Structure formats: C-alpha cells, structure tokens
Amino acid sequence: MKNLIENYENYFVSELQSRRFQPETYYQIISKILKKNEKLFEIKELGKSFEGRPIKLFKAGKGTTKILLWSQMHGDESTATMAIADIFNFFINYSEEPEFKKMLSKISLFFVPILNPDGAARHQRLTAQYIDLNRDAIRLVTPEAKVLKNIQNEINPEFGFNLHDQELSTVGYTDEITCIALLAPAFNEKQSDNEVRLRAKKIAASLANILNNYIPGKITRYDDTYEPRAFGDKMQSWGTSTILIESGHIKNDPEKFLIRKLNAISLLMTFFNISVENYESLDIGIYEDLPFNTYKAYDLIIRNVKIRYKNGTIIDADLGISYQVNTHTTNSPILMEVGDLSTFVALRDVDGNGKEILEEDIFIEQEFNLNKYFNNKNYSV
Ligand SMILES: [Zn+2]
C-alpha cells in the first residue's frame, strides 16, 4: 500500500493545475474520474449553498469506522480539495488491490469537498452571506454550516478531518517557512484532554510521523486556543476526534503542488493506519512537541534599499511585501513593513542594490508601487 501511495504521479489529477477553479469545473473533473468505476463511490447532494450551488458527499467503503473529511469551508483554501481529487483517482486506480479492498472493508470515508462553493466560486474566504463558516458552529445560521452539522449528526463519525490553507508563517523560532500545520483542537477553554481529543492527538502524531519523511523541520502545531464557534473545536465536543490540516507554503511553488501531494499521501496513509488501528500506541508527544507557527515571513523581502525622507534624511532599510489577504494570494504588492527585516524570511528574497525609495511612496499596509522602483520580474512573486 505504501508503495502505491508513494507513486503519486500515478494518481495525480493533471486537469487541476491552478488553485483557482470553479466548483462546477471541479465536479466535472471528478465525475469523469469516478465514472471509471461507478460502484466505488456513493454520491449524494447534502444540500445547497446560500446561492443554490450543490454541496456533495462522496462516500467510499463499508467499514464500521467512519471518517468524515471536509475541505474549502474557506472558499480560497483549495489545496486539500485538489488533493481529494487525487485521492479519488487513487481509489479508482487501485480498487482491485487486495490491500485496498481490505482497507475499505474496515473504514467508511465520507468526503465533502468544497463545503463553501459560493466562496470557492469567488475565491474568497467568506460565504456569500459574508459569514466565516468556521465561526458558525454554534448558531448555524448559514446553510453550509447546517449541512456540516447534519452530516456529523447523521453518521456520527469517529474521526474528522478539517482541511484548510493557512497564512504564510514560520516554524517556531527557526528560519523555515511552515509547509504544513496540524491541530487537534481543544474542546474547552482549559484545553484539557479527553478520550476524543487524545485520539485526535494520536492521529496528528501519526500525520507528523508521515510528513517528517518528506518535510522534516517544516511542520508546526497550529494555535490551539479554544474557539467554540469553530467546527474543529465543536466536532471534538460532539465526539468526533478532529484534526485540522493546514496547508502552508513552500518557496517557488505558488500553486502548492508539493503541499497538495503531501496532503494526498499523508491522508491516504492515515486512512490505512486507521484501518489497521496502528496509531493507538503512538506517543502524542510527537504532535505536542511540534513548534507553533510564528509570523516572521513575507511573500517578498527586498533587502538593502535606502529610504529618503522629505527632510533629506536617508536610512538603510529592507521592505517587507505581502501578496496575501488572509490566505488568498492577490496580485497587488502590499507594503507591510520597512526597516530591519534581518530576522525575517521570505518566499522570495531579493537584493535591492541600495535603491533609493522616496518617503512619499511609503504607505504601510497599502499597495506599493513596485514597478516604479523595480520594474523587473525578479521582484514579483
Ligand atoms: Zn481556513
């Protein structure tokens, strides 16, 4: 099974190349894949989004251990949705493998890709009602949140995977950019452990073990402050051991192909681990000792420029530029910080060669006129 999973090229869905796609396009691509073996998946419409887009469930397996996965509750966080397409392709390709059949006799998988299709269609975090779906687990005012709560109620899964993309961040106090962050959310303010959360921590430890083979030193623990309005935290209190996987960043990979591959591989291996129950003896310290995310990174740092103030003063400085609003990459360079960025890292780190920047062009947290000073594509991300 491990060999099949590691040969990612054999099941990578090449039709999905860009992180921006319409939900309809995604459904078309996966229905073409699933047609090759119509018996493998049961497909059901769970409900509709605020704007009437379908929210679909794809179920595979007949086992008693139930696993629920949902992705893109934030509409611009599509990496795991793309990995789910790869996972479906894996299932189709290897449906006759004895080990695979055995796995699907032990577990049942319930996938809800693109929980927020209206947000996905606009490539925005919020739903069409401007609500953060991951802060609607208590009131359930959005149709999308109701869909997720209803399916959790109906199937009462043992495990839940809440799949996101995260903001650009660094690994603890190292210079590494976080590739993937994991979280076994708290179910109360004290962040105590019970049986449900401990099981989630063991799965997180199992994921960390798998990911360590590919991206050692680039894995973090996501902030585990209790957020009762979030689904991860609520699921944990509803009895579903829930793990968040947050897709981060890597240099020179704007479409996140490597992180998507790691999502697919680590999820497939985790399904297998759950099916043979070999996560139970794992040390939760593997998860708990992961460093937290820190925020010492920008999309672009231009080092070694000079800033000329209106009164004639000139200083040496670096420029920290962001192309992100939440996790969504924009096209406008936003100037976040000027000054000493020697303790910061960047997805793209370039030398400004002492270029003089005028005070009148400096607006913090606003668009920076990059082309005026650096009209060269080396300076774009
Ligand atoms: Zn998110």
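A compact table of results
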{"quantity": "Selected from Asn10, Ile265, Ala205, residue furthest toward positive end of dipole (region 2-294; charges at beta carbon)", "calculated": "Asn10"}
{"quantity": "Cβ-based charge dipole, the chain, positive-most Cα from Ile215, Phe187, Ala317", "calculated": "Phe187"}
{"quantity": "Separation between Cα centres of region 216-282 and region 333-347, rounded to whole Å", "calculated": "29 Å"}
{"quantity": "Where GluC sites (Glu not before Pro) fall in DSSP loop in region 276-378, at most 15 other Cβ within 10 Å", "calculated": "Glu277, Glu280, Glu365"}
{"quantity": "Per-residue Cβ neighbour rank within 10 angstrom, fewest leading, Tyr287, Tyr298", "calculated": "Tyr287, Tyr298"}
{"quantity": "Helix-only CD estimate at 222 nm, as mean residue ellipticity for the chain, using -39500 (n - 2.57) per DSSP H run (n ≥ 4)", "calculated": "-8500 deg cm²/dmol"}
{"quantity": "Sequence of Trp238, Trp70 once ranked by neighbouring C-beta atoms within 10 Å, starting from the fewest", "calculated": "Trp238, Trp70"}
{"quantity": "Largest-first principal axis extents of the Cα set of region 205-297 (Å)", "calculated": "40, 33, 24"}
{"quantity": "Simple Cβ-charge dipole of region 29-75, Lys/Arg +1 and Asp/Glu -1, about Cα centre, in debye nearest 20", "calculated": "200 debye"}
{"quantity": "Pairwise Cα inverse-distance average, inverted: Kirkwood Rh of region 297-379 (Å)", "calculated": "12.8 Å"}
{"quantity": "Calculated from backbone phi, Karplus (6.51, -1.76, 1.60) coupling profile of region 194-203 in Hz, x at Gly/Pro", "calculated": "10, 4, 5, 6, 4, 5, 5, 5, 5, 5"}
{"quantity": "Cα-Cα over 20 Å, subset of Lys59/Lys101; Lys146/Lys256; Lys218/Lys296; Lys35/Lys106; Lys36/Lys101; Lys44/Lys149", "calculated": "Lys146/Lys256; Lys35/Lys106"}
{"quantity": "Highest to lowest packing among 39-46, 147-154, scored as the average C-beta count within 10 Å", "calculated": "147-154, 39-46"}
{"quantity": "Normalised convex hull volume, region 2-294, alpha-carbon set, Å³ per residue", "calculated": "118 Å³"}
{"quantity": "Fraction of beta bridges assigned by DSSP in the chain that are antiparallel (%, nearest 5)", "calculated": "50 percent"}
{"quantity": "Neighbour-count ranking [beta-carbon atoms within 10 angstrom, fewest first] of His74, His123", "calculated": "His123, His74"}
{"quantity": "Unit charges on C-beta of K, R, D, E only; dipole of region 256-357, Debye", "calculated": "700 debye"}
{"quantity": "Stokes-Einstein D (µm²/s) once Rh is taken as the Kirkwood radius of region 48-129 over alpha-carbon pairs, at 20 °C in 1.002 mPa s", "calculated": "157 µm²/s"}
{"quantity": "Gain in span if fully extended, Ile43 to Glu154, counting 0.36 nm per residue against the direct Cα distance", "calculated": "38.4 nm"}
{"quantity": "Electrostatic dipole magnitude of the chain [Cβ: Lys, Arg +1; Asp, Glu -1; Cα centre; debye, to 20]", "calculated": "1180 debye"}
{"quantity": "Reachable aspartates and glutamates, given that their alpha-carbon falls under 18 Å from the alpha-carbon of Lys62 and they are not under 8 places away in the same chain", "calculated": "Glu38, Glu42, Glu96, Glu97, Glu99, Glu154, Glu158, Glu277"}
{"quantity": "Point-to-point label distance, Thr174-Glu356, nm (Cα→Cβ direction, 7 Å offset)", "calculated": "4.3 nm"}
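Values quoted throughout were computed directly from the atomic coordinates according to the rules given, and no laboratory measurement underlies them. Just so it is clear, the model here is predicted, and its values are computed rather than measured. In this analysis, Cβ positions are derived from the backbone assuming ideal geometry, glycine residues included, and neighbour counts consider all displayed protein chains.
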